[in-house]
Every structure is written in structure tokens, then in C-alpha cells.
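**Student:** For reference, the structure I am asking about is given below.
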Amino acid sequence: MTTPDTDATDPDAATAMPAQVPRMIVLMLANLVLSALLAGLMLAFHEHLLDYQLAHLDVPAGTDLVTAREELRSSVWSRVLPVALIAFAYLVMVGGLRSGQPKAYRQVIVISVIVLLGTGLTLFQPFPWWVRAINVAKALVVVALLFLASRPEVRRWFRPGQPMRRG
């Protein structure tokens with residue numbers, strides 16, 4: 001464990017896991033929990049969501065509402081698959097982060113940006129307040145994750161060519 005008084009040339013200090021990495025893992029798990037909560041609520045209340053979306057869409061006169069409802073139904077159900085994929089990816093990346101793998105670090109950045117963009121896009125779709133609230137919470141968690149990942153000591157620890165570490 002490093003302290004502020006540790007000599008910068010100390011080899012243990014150079015290989016010690018930055019304190020931000022465990023926090024990054026906690027934020028990844030928090031995002032995963034929020035995503036699972038959102039997916040579960042969307043599945044449980046999918047008929048309510050469909051009613052809400054149909055009521056708030058600008059549909060031209062003469063539109064077949066049954067067809068529109070079925071198209072919306074597929075979009076509600078398709079939100080569960082990304083949660084499962086992100087969950088699997090996060091679980092794989094946690095081990096890589098702990099051992100200092102640059103690939104895991106890059107994956108966290110890429111997936112976090114994708115999650116942030118996807119979450120932001122849902123804010124422009126007709127969803128009830130509780131969907132928006134969970135998405136705002138997810139966005140805040142991902143912004144915090146990206147902030148921690150951008151710290152110089154974290155970037156330095158995940159620099160390619162560094163020896164594998166166990167945290």
C-alpha cells in the first residue's frame with residue numbers, strides 16, 4: 001500500500017493498484033444494478049410502458065395502433081439483451097482491471113462511452129418519469145466512472161507494456 005510519503009522510485013509504489021481502480025469496479029457494479037433494476041421494471045410494467053409511449057407519440061391519423069403497439073413492444077423487450085451483455089462484459093472486465101490489463105481498461109472506457117450515449121438517447125424518448133430517473137442515475141454513475149478512469153495514476157497503471165499485476 002502506498003502512502004503520500006512513499007518514495008516515487010519505490011518499485012512497489014509503481015506497481016501498486018491506484019485507489020481509483022476499486023472505486024471504478026464499484027461504479028461498474030452500481031451501473032449494472034441500476035441497469036438490471038431498469039430492465040426488471042420495464043419487463044414488469046411493459047404494458048404500462050406501451051400505453052405511455054402510445055399516448056405520447058405523434059402518430060398520424062389512420063395509423064394502425066395495433067401495429068404501432070407491437071413495434072413498441074419489441075423495443076421494450078430489446079432493452080433486456082443489452083443489460084445482459086453489459087453484465088457479462090463488466091464481470092469479465094473486473095478481473096482484468098484488478099490485474100492491470102490495458103485491454104480491460106480500454107474496454108471500460110469504450111463501453112462506458114457507449115452506455116452514456118445510449119442512456120442519453122433514451123432521455124429523448126417517451127418514457128415515464130421513473131425510467132428517466134434511473135437513466136439519469138446511470139448517466140451520473142458512468143460519468144463518475146469515466147472521471148476516475150481519466151486520472152493520471154490510473155492511466156499510468158494501465159499503460160501498455162507494464163507487467164501483469166495482482167491487486
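The values are calculated or read from the model by the stated rules, or taken from the named source; none is laboratory data. Only a predicted model underlies this, so the values are computations on that prediction, with no experimental measurement involved. Quick reminder, even Gly has a Cβ in these numbers, built from the backbone with ideal geometry, and neighbours come from all protein chains shown.
**Student:** Out of all the residues in the range 53-66, is one or more modelled with pLDDT of 80 or more and either assigned to a helix (DSSP H, G or I) or closer than 22 Å to LEU140 by Cβ (or both)?
**Tutor:** No, the conditions are met nowhere in the range 53-66.
**Student:** With under 19 Å from MET24 (Cβ atoms) and surrounded by 18 or more Cβ atoms within 10 Å (Cβ to Cβ) as the only criterion, which of VAL131, VAL113, VAL108, VAL143 stands out?
**Tutor:** Of the residues listed, the single one that is under 19 Å from MET24 (Cβ atoms) and surrounded by 18 or more Cβ atoms within 10 Å (Cβ to Cβ) is VAL108.
**Student:** While we're looking at this one, here's another question. Could you tell me whether any residue of the range 111-129 is in a helix (DSSP H, G or I) and over 17 Å from LEU38 (Cβ atoms)?
**Tutor:** Checked the range 111-129: at least one residue is in a helix (DSSP H, G or I) and over 17 Å from LEU38 (Cβ atoms).
**Student:** Residues in the range 119-128 that are crowded, with 16+ Cβ neighbours inside 10 Å and either under 16 Å from PRO82 (Cα atoms) or in contact with a Lys or Arg (Cβ under 8 Å, 6 or more places away or on another chain) (or both): how many?
**Tutor:** Here the count works out to 2.
**Student:** Which one of LEU145, LEU91 is assigned to a helix (DSSP H, G or I) and in contact (Cβ under 8 Å) with a residue 40 or more places away in the chain?
**Tutor:** LEU145 is the lone residue from the list that is assigned to a helix (DSSP H, G or I) and in contact (Cβ under 8 Å) with a residue 40 or more places away in the chain.
**Student:** I'd like to verify a number: residues in the range 95-110 that are closer than 16 Å to LEU148 by Cα and either modelled with pLDDT of 90 or more or among the acidic types (Asp, Glu) (or both), how many?
**Tutor:** Of the residues in the range 95-110, 9 are closer than 16 Å to LEU148 by Cα and either modelled with pLDDT of 90 or more or among the acidic types (Asp, Glu) (or both).
**Student:** Since ARG151 meets every condition but one in (1) at pLDDT below 90; (2) over 15 Å from ALA36 (Cα atoms); (3) in contact with a helix residue (DSSP H, G or I) (Cβ under 6 Å, 6 or more places away or on another chain); (4) charged (D, E, K, R), which condition does it not meet?
**Tutor:** (1)
**Student:** Take ILE86 and tell me if it is under 13 Å from the mean Cα position of the chain (by Cα), without any contact (Cβ under 8 Å) to a residue 60 or more places away in the chain, within 30 Å of GLN20 (Cα to Cα) and assigned to a helix (DSSP H, G or I).
**Tutor:** Yes; evaluated as a whole, the condition is true for this residue.
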